[in-house]
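For reference, the structure is listed below as structure tokens.
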Amino acid sequence: MDLVATNDIHYTYAEDEKSHDILLCIQTGKKVADEDRMRYEGGQYYVKSEEEMRELFSYAPKALEKIPSDRRAVQRGRSSSASQTAAL
């Protein structure tokens with residue numbers, strides 16, 4: 001089995017951190033000011049660029065070898081989804 005670098009993602013862009021925090025409060029019935037609420041601290045739960053992933057996983061170069069081919073697989077999936085949606 002190949003080693004692949006992954007990232008825990010809860011929102012798309014780094015600047016979505018505050019919006020995600022507010023939505024989390026709405027979903028859990030808490031207020032942003034509540035001390036005892038669920039949080040995703042650190043602002044690192046967004047889709048990282050290839051450069052960011054390479055920096056984060058520089059200690060595991062084998063895990064990064066699959067990035068280009070995996071990206072093509074994702075693109076194929078998006079194209080397939082788009083054509084399925086267009087057919088509806």
Identify the residue in region 1-22 that is of a type in the set (D, E, K, R) and surrounded by fewer than 11 Cβ atoms within 10 Å (Cβ to Cβ) and, among all such residues, is modelled with the lowest pLDDT. Asp2
Considering region 23-38, residues that are touching a helix residue (DSSP H, G or I) at 6+ places or on another chain (Cβ under 7 Å) and touching a residue at least 12 places away in the same chain (Cβ under 8 Å), and then whichever is surrounded by the most Cβ atoms within 10 Å (Cβ to Cβ), we arrive at Arg37
Residue satisfying condition, being modelled with pLDDT of 90 or more and within 30 Å of Met1 (Cβ to Cβ), within set Gln44, Gln75: Gln44
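The values are calculated or read from the model by the stated rules, or taken from the named source; none is laboratory data. The model shown is predicted, which means the values in this text are computed figures rather than measured ones. So basically every Cβ, Gly included, is an ideal-geometry build from the backbone, and we count neighbours across all protein chains shown.
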